[in-house]
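Here's the structure we're looking at; comments come further down.
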Amino acid sequence: MLEIILTPVLFLWIGFIILLEKKYPFRLGLPFFREGFWIDFVWYTLIQSYFLKILIFDFIILPIKSNLETSNISFSIIPNLLEKFSILHSPFSIILQVLFFLITHDLYIYLFHRWQHNNKWLWRTHEAHHSVKEVDWLAGSRSHIFEIIINQTIEFLPIILLGASPEVVPIKAFLDAIFGLWIHGNINIKLGWLGKIINTPVAHQWHHADDKQVFYANYATKFSFWDYLFGTAHVPDYKPTQWGLPYLFPKDYFAQHVFAIKRFDERKLFKKRILRELYLIRIRAIKKSPKVFEKVLLPKTK
Ligand SMILES: [Zn+2]
Ligand SMILES: [Zn+2]
């Protein structure tokens, strides 16, 4: 039910962010259909998020919950707490719960994100997110499957196990999308003093810059005060000169995932017969489908 209200608001928000990108661009001349646009939109936003939602909720979180229930172990403390303060049935209780999970999860994501940048193995789960060279509203969707499974399990498992109201999960997922679109927008907005509390597109554009200094800065997702609190904020008055990774990264969705486990040069992939055949099976299947899929599902080869 709640989704019926939140989904149109999300679409309006996408329109608003695109409008801000046109009106106040951080980088001038960024094309709307930038490199990797279709990979991010079709593979990451539509296909990957659809399947990962099923995997995370139906195959990880709910089995853990029912296992605990059959063992008579319960962490369901939120309803008891709300009852104690007599706000169980007040709409204020939803706001309170959302705020609690918003802040605690944001601190977790700040620390884990920081660790990903400082650990060479964890970096492999995060580099895909940094591989976009033209960062815009859609760029935030590009995240390795491993990264999403870890982060969303840690995000939603406590909400379910602690017995939060059923509205908390869709509201939290909605806010994730709202902030993801906002901070990745190619928008020249710093929000003044408020930018030291709420994260801004300029701070996150810097985080995505291919710049040694900022590789260890601006880890915040929703609240920038973590960066100011822990001394990792870097929002100078000038702009970065380049974005993305300082090394070659595959353009194909599947190759981007394999790259986290095994390093290879995507351009040399076709020299190995088995890989060539595997790759071509997919291309042939797509080419037999309507023409539009070919454009959308296959990476642009230069
Ligand atoms: Zn990062
Ligand atoms: Zn990002």
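When the stretch 163-190 is filtered for residues that are within 25 Å of Ile73 (Cα to Cα) and either at pLDDT 95 or above or part of a helix (DSSP H, G or I) (or both), the ones remaining, listed by number, are Val168, Val169.
Against the list (1) within 16 Å of ligand 2 (Cβ to nearest atom); (2) of a type in the set (D, E, K, R); (3) surrounded by fewer than 18 Cβ atoms within 10 Å (Cβ to Cβ), the condition Glu167 fails is (1). For Thr104, the conditions (1) surrounded by fewer than 17 Cβ atoms within 10 Å (Cβ to Cβ); (2) within 14 Å of ligand 2 (Cβ to nearest atom) are fulfilled apart from (2). Of everything listed in (1) more than 14 Å from ligand 2 (Cβ to nearest atom); (2) without any contact (Cβ under 8 Å) to a residue 40 or more places away in the chain; (3) of a type in the set (S, T, N, Q), the single unmet condition for Asn218 is (1). The residue that is farthest from His207 (Cα to Cα), among those in the stretch 95-122 that are assigned to a helix (DSSP H, G or I) and among the polar types (S, T, N, Q), is Gln97.
Specify which of the listed residues (Ser131, Ser93, Ser76, Ser86) is small (Gly, Ala, Ser) and exposed (fewer than 14 other Cβ atoms within 10 Å of the Cβ).
One residue alone meets the criteria, Ser86.
Scanning the stretch 196-238 for residues that are in a helix (DSSP H, G or I) and either outside the structural domain of Gly140 (by TED's automatic domain parsing) or of a type in the set (A, V, I, L, M, F, W, C) (or both) yields Val202, Ala203, Trp206, Val214, Phe215, Phe225, Trp226, Leu229.
Screening Trp137, Trp193 for residues that are out of contact with any Lys or Arg (no Cβ under 8 Å at 6 or more places or on another chain), assigned to a helix (DSSP H, G or I) and either assigned by TED's automatic domain parsing to the domain that holds Ile18 or touching a residue at least 12 places away in the same chain (Cβ under 8 Å) (or both) leaves exactly one candidate, Trp193. In the stretch 198-214, the residue that is nearest to ligand 1 (Cβ to nearest atom) out of those that are crowded, with 16+ Cβ neighbours inside 10 Å and more than 18 Å from Leu138 (Cα to Cα) is Val214.
Within the stretch 141-159, the set of residues being within 15 Å of ligand 1 (Cβ to nearest atom) and either without any contact (Cβ under 8 Å) to a residue 12 or more places away in the chain or in contact with an Asp or Glu (Cβ under 9 Å, 6 or more places away or on another chain) (or both) comprises Ser141, Arg142, His144. Here Trp123 clears all of (1) surrounded by 18 or more Cβ atoms within 10 Å (Cβ to Cβ); (2) touching a helix residue (DSSP H, G or I) at 6+ places or on another chain (Cβ under 7 Å) except the condition numbered (1).
Per the listing Ile60, Ile39, the residue uniquely touching a residue at least 12 places away in the same chain (Cβ under 8 Å), more than 15 Å from Phe254 (Cα to Cα), in the same structural domain as Phe174 (by TED's automatic domain parsing) and assigned to a helix (DSSP H, G or I) is Ile60.
So that you can scan it fast, the table gives a plain yes or no per residue for (1) crowded, with 19+ Cβ neighbours inside 10 Å; (2) under 13 Å from His130 (Cα atoms):
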position: Ile160; (1), (2): no, no
position: Gly180; (1), (2): yes, no
position: Asn186; (1), (2): yes, no
position: Tyr219; (1), (2): yes, yes
position: Phe230; (1), (2): no, no
position: Ala233; (1), (2): yes, no
position: Asp237; (1), (2): no, no
position: Pro240; (1), (2): no, no
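Cβ-Cβ contacts under 8 Å between residues 6 or more apart (or on different chains), taken from a first residue in the stretch 80-96 that is in the same structural domain as Glu167 (by TED's automatic domain parsing) to a second residue that is of a type in the set (Gly, Ala, Ser), are listed as Leu82/Ser93; Ile87/Ser93; Ser93/Ser165; Ile94/Ser165. Taking the stretch 110-127 as the range and being within 11 Å of ligand 2 (Cβ to nearest atom) and either over 11 Å from the mean Cα position of the chain (by Cα) or of a type in the set (A, V, I, L, M, F, W, C) (or both) as the test, only His113 passes.
The values are calculated or read from the model by the stated rules, or taken from the named source; none is laboratory data. What you are looking at is a predicted structure, and each value in this text was computed from that prediction instead of being measured. Cβ sites come from the backbone with ideal geometry, for glycine too, and all protein chains shown count toward neighbours.
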